[in-house]
Every structure is written in structure tokens, then in C-alpha cells.
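Scroll down for the structure; my scribbles are underneath it.
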Amino acid sequence: MTSPLAALGAWTPGTETPAFLPNDLVAAVARFREPTHLVRDGARGALGVGFDGNISLQEPAGGGSPRFPWLGRLPAIYPEWLGDRTFCETHNLRFAYVAGEMANGIATTRLVIAMARAGMLGFFGAAGLTPERVEQALIEIEAALGASNGNPAPSWGTNIIHSPAEPATENAVADLYIRRGVRRVCTSAFMNLTPAVVRLAASGLSQDEHGTVHRKHHIFAKISRPEVATAFMSPAPAAILESLLRANLITANEATLAAKIPVAADITVESDSGGHTDNRPLGSLFPVIAKLRDDMMKQHGFRQAIRVGAAGGLGTPEAVAAAFAMGAAYVVTGSINQSATEAGLSDEGKTMLAQAGLADVIMAPAADMFEMGVKVQVLKRGSLFGPRALRLYEIYRSHESLEAMPDDARLKLEREILGTSCEHVWNEVQKFFAQRYPEELQRAAAEPKHKMALVFRWYLGLSSRWAIAGDASRRADYQIWCGPAMGAFNAWVKGSFLEPAANRNVPQIALNLLEGAAAVTRAQQLRSAGVPVPNEAFRFAPRPLG
């Protein structure tokens, strides 16, 4: 392949001859940690790459000279350099890589600790857990990751999920994070700002002598819609700040400073993923949110940048490299970490995930937002949860109450889905909400259809816990949140040391994805310069990394 690039000088090889042949170019791409010279074969005009050697700014002489026309130099690439360096500096990280907050403690304290010790960020999966259980997890993480020998503590985070049916729980979790000084909190499933989130963002704000506002609590806003992103990229609404101020939940100074900065400086664009998702492709969604970020910064005159990260569908090095190439400040993985040794999923559930293919997922009603028609993406292969959950929503839409159902239809519901009588389920529901949120029972007494929804939410809620506990009697009902990234990951690691679920741990998964993304980035750089890089150079085989 010839190149229109003019030579800038001449390159003389050192101990190695330049690479022009396909196999040699594949090997050259793997050396992405070394500066690479772009050179031309003077006789054939083909482009290749060289390492070391010497550069002269004069054209090479003819007549069999060992000097090659020199077209330029590519600097070394390190996985640590992928993404936005200010992200790593702000959060004291080595890599711009985040393991997301898989709910019900599936993103365990062990996962968070392992990520922190590897120089990456992990979020504890607090969604679905009681504030008491979440506090236990915070104490465990703090004990394991405390500062030592004068060194700062490794960075970590936890989650707060929008709980429209239980606002008291949402507020209690926010209060817990403020009380314990949790530095990084990921918000998920929010459709608008709530007082709990605004309070988290505003609490502890301060301003230095240069006018820079400093955060005590960094909000990572996981979004998939521009209107939600707009809310998090804007200053906190005055009405919410005023209500918090009147309730003495923030100070006047915190309210003033919160009106000068966005609610969140880290916005995670969540594309097609496991759990709550709008199924939008990252390639379509990310540019829209990135442009919105630019517009919002200009509109509000923010002095500090809003960083935009990418999540959803990231199960291969090529996908991670593509996310960084689009401008992602950081990447977030989720589904693939559920099969890791540190994840709080049963061994049976992990085995099911490790066998999943690209299309082995299905959308099903969400337990927390069932009556709103919100869905989550779950594993389809090996489980009947998806079809059964969809059937529950059909029944809910078709009947006004459990009592209004024909006897045969209700018996079929109990036998084929619930696995017990509706009366038994309702008794369990009453015990649960009597302690946690009695307002739900009051509403159910007045609205029979809401009572039916609570009975169905019993199944939807427990199905994920059956998968976590490995309840063999309910294996067919396992709800395992999963996106197509899981199938892509399994295809990538097939035949490698990461294929067995028992060998997967979150640092190795992350390091291999980042190492591979750096290699893919180098391959694309060379191809863009005109070097005939073989397709094999874009494939990175997993290997033990440390």
C-alpha cells in the first residue's frame, strides 16, 4: 500500500529491521508501550513501522542505503493513559475504569476492595438493601481501605437508587452517606432529581481563595436520556435547595455554592445494558450526551469540566477502545463482573452467565417500578423468569384485582409462577411492609389493584435473591441482570484462562480489557496512517496480567 504522506526525514534502523510483513505488523502492534516510527519501503513504497534507530531530517540517499524515508512517530500508549486524566487525578485512580454497582450486594465489598487495590473504582451494590445492611458494608470497606503510612486511602464508592415507592429509604441512605462521609456515590434509575440526591451533592461544599468550589461528595449520575442528563448537568433546582435549607439539612453557604456548579461532574452514559436500560446503542447515545455536556457548560459558564463516561455493552477490548475513541472520560462495566469470583451471585448463577450468548437476554418488568411499566434486561438462557415476569404484567394489565381473576386463572398463576398461594404471598408481603413501609399496605387496602401489584412484586423481588442465594428449588425463576456485553465477553474469552467462571476476577477482567483496548487503539492509529495493519492485530487474547 502506498501513502501520500511526504517523508519528513530518514530513519536508520538499530538492531531491528522495520516491520512490513503481516505477521511482523501484528507483533509490532503488540508493542504499543514503545514509541513507533512510521517508515516507507523505498523500493516498494509500502508503509511499515520501526522501533528505536536514529532519525535524520534529511531524505535518505539512494543506492541501497539502509536508511528509510521517515514519515512520523507515534508515542507510546499505556492503559493508564486511556480516558480523561483529570478523572483519574480527581478520584485518585490509576486507570479510568469503573466496576458498576450491581444491586442487592452483587457488587460486593470484596469486589469494591479488589478494584480499589488495583487502582480502579468500584461501587458497592447498595440498591435493594436496608440502610442497616448498607452501613455494615461501608464499615467493612472503610476498615479494609483506610489510609496507612501517610498514604491516602484508595478510592471507592457506593450506590443510591431511585426508590419512588419508598422515598424514606432513599432519604435514609443519603443520610447514611453524609453521616459517614462517603466520597463517591453513583445514582441510578433516577428520572429526575430528588431532595436526597441534591442534599448529597450540596452537603460539605466549600470554596477556596481562588473561587473554586470543592465537593465532599462526588455524584456519578448514571443516565440514558438527555432530559435526565440535563438535570444532573445543571445547578441544583432552587426550590429543592430552599426546602433543604428550611429543614436545616444543608447550610446557607452550601445552598449558595450548589447553585454555582452542576449536581454531578461525572455523567455515565448508560447504553444497552443489564438491569434498568433504555436499550439505546452507545454509538448513538454517547455523542448526543457529549454535545449536551458542551452546551450545558457554555450555558451555565461552569469553570470546571463535566466528565462523560460510557457504560453498557462493554465486554470486549474493541468495545472499550471504541468508547474511549468517542471521547469517554472513563468506562463502566457491569454485566461481565457478575460472573467474577468477587461477585455476590451464586456459583450456579455465575455458571449460567458464563454460558450466555449474545442474544441470550430478554426485557422483563422491574420489581421496583412494576406499576410504571419499567423493565429491566435479564438473562434468558437457563431461566424462565423473563417470560413469567412478562406474564405477570399481562395479568396485572388485564385484571382489576386478584379476586377478580377467574379461579382457574388464579390457580394457574399460583402453580406455574408464584409457586405458592396468593394468600401466602400476601401474608409475606404484609410482614415485609409492616416493618419497612406501612403506607404501602394502607394503599393496598384502598386499591385492590395495588394489592395485586405488591403480590406480583414479591415474585419479582425474590427472584433475584434466589439467584444470589443459589436456591435450587427456584432455579427456573432466577432473575440475573444481564446485557449483551456478557455474550460478547464470553465469545472473547473462549479458549483462554478467563473462560471458566472460577478464573474470573474483576482486576483481571479489567486489566485485560484495558490492555486489549490499548492494543486496538495502536492498531487503529497505524491503520489510519496508511499502514496495512492485518485484521488479526485488532484481536487481543486474554492473558494473566499483574
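Collect the residues in region 266-278 that are farther than 17 Å from ALA103 by Cβ and crowded, with 23+ Cβ neighbours inside 10 Å, keeping them in residue-number order.
Once the filter is applied, which keeps residues that are farther than 17 Å from ALA103 by Cβ and crowded, with 23+ Cβ neighbours inside 10 Å, region 266-278 yields ASP266, ILE267, VAL269, SER271.
Residues that are of a type in the set (Val, Ile, Thr) and either within 14 Å of the chain's Cα centre (by Cα) or farther than 30 Å from GLY487 by Cβ (or both): list the strands (runs of 3 or more DSSP E) wholly contained in region 221-338 that include at least 3 such residues.
266-270, 331-333
Given the condition hydrophobic (A, V, I, L, M, F, W, C), surrounded by fewer than 18 Cβ atoms within 10 Å (Cβ to Cβ) and at negative phi, answer yes or no: does some residue in region 118-133 qualify?
So the first thing to find is which residues in region 118-133 are hydrophobic (A, V, I, L, M, F, W, C), and the list is 118, 120-121, 123-124, 126-127, 129.
Then drop every residue that is not surrounded by fewer than 18 Cβ atoms within 10 Å (Cβ to Cβ), which leaves none.
No, that holds for no residue.
Quick one: ARG410 ticks every box in (1) in a helix (DSSP H, G or I); (2) surrounded by 14 or more Cβ atoms within 10 Å (Cβ to Cβ); (3) within 35 Å of the chain's Cα centre (by Cα) except a single one, so which number is it?
(3)
Being over 30 Å from PHE370 (Cβ atoms) and assigned to a helix (DSSP H, G or I) is the filter here; which residues of region 140-177 pass it?
GLU140, ILE141, GLU142, ALA143, ALA144, LEU145
Of the residues THR158, THR130, which is assigned by TED's automatic domain parsing to the domain that holds ASN92, within 30 Å of ALA367 (Cα to Cα), modelled with pLDDT under 95 and among the polar types (S, T, N, Q)?
After ruling out the rest, the residue left standing is THR130.
Here is a yes/no grid of residues against (1) in contact with a strand residue (DSSP E or B) (Cβ under 7 Å, 6 or more places away or on another chain); (2) within 15 Å of ASP266 (Cα to Cα); (3) free of Cβ contacts under 8 Å to residues at least 40 places away in the same chain:
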| position | (1), (2), (3) |
| --- | --- |
| TRP156 | yes, yes, no |
| GLY181 | no, no, yes |
| ASN192 | no, no, yes |
| ARG199 | no, no, no |
| SER206 | yes, no, no |
| HIS218 | yes, yes, no |
| PRO235 | no, yes, no |
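SER206 - would you say it is surrounded by fewer than 15 Cβ atoms within 10 Å (Cβ to Cβ), modelled with pLDDT of 95 or more and over 28 Å from ARG436 (Cα atoms)? Quick ask: steps written out before the conclusion?
Numbers: surrounded by fewer than 15 Cβ atoms within 10 Å (Cβ to Cβ): yes; modelled with pLDDT of 95 or more: yes; over 28 Å from ARG436 (Cα atoms): yes.
Spelling it out, SER206 is indeed surrounded by fewer than 15 Cβ atoms within 10 Å (Cβ to Cβ), modelled with pLDDT of 95 or more and over 28 Å from ARG436 (Cα atoms).
Of these, ALA107, ALA30, ALA96, which one is surrounded by fewer than 22 Cβ atoms within 10 Å (Cβ to Cβ) and not polar (S, T, N, Q)? Walk me through it before giving the result.
Working: ALA107 fails: surrounded by fewer than 22 Cβ atoms within 10 Å (Cβ to Cβ); ALA96 fails: surrounded by fewer than 22 Cβ atoms within 10 Å (Cβ to Cβ).
After ruling out the rest, the residue left standing is ALA30.
Any idea which of GLY386, GLY373 is at pLDDT below 95 and within 34 Å of the chain's Cα centre (by Cα)?
None of the others qualify; the one that does is GLY373.
Examine region 362-369 for a residue that is without any contact (Cβ under 8 Å) to a residue 24 or more places away in the chain, part of a loop (DSSP other than H, G, I, E, B) and either touching a strand residue (DSSP E or B) at 6+ places or on another chain (Cβ under 7 Å) or more than 26 Å from CYS482 (Cβ to Cβ) (or both), and state whether such a residue exists. Lay out the reasoning, then the answer.
Taking region 362-369 as the starting set, the residues that turn out to be without any contact (Cβ under 8 Å) to a residue 24 or more places away in the chain are none.
The answer is no; no qualifying residue exists.
The values are calculated or read from the model by the stated rules, or taken from the named source; none is laboratory data. For clarity, every value in this text was computed on a predicted model and none was experimentally measured. Glycine also receives a Cβ, built like all others from the backbone with ideal geometry; neighbour counts cover every protein chain displayed.
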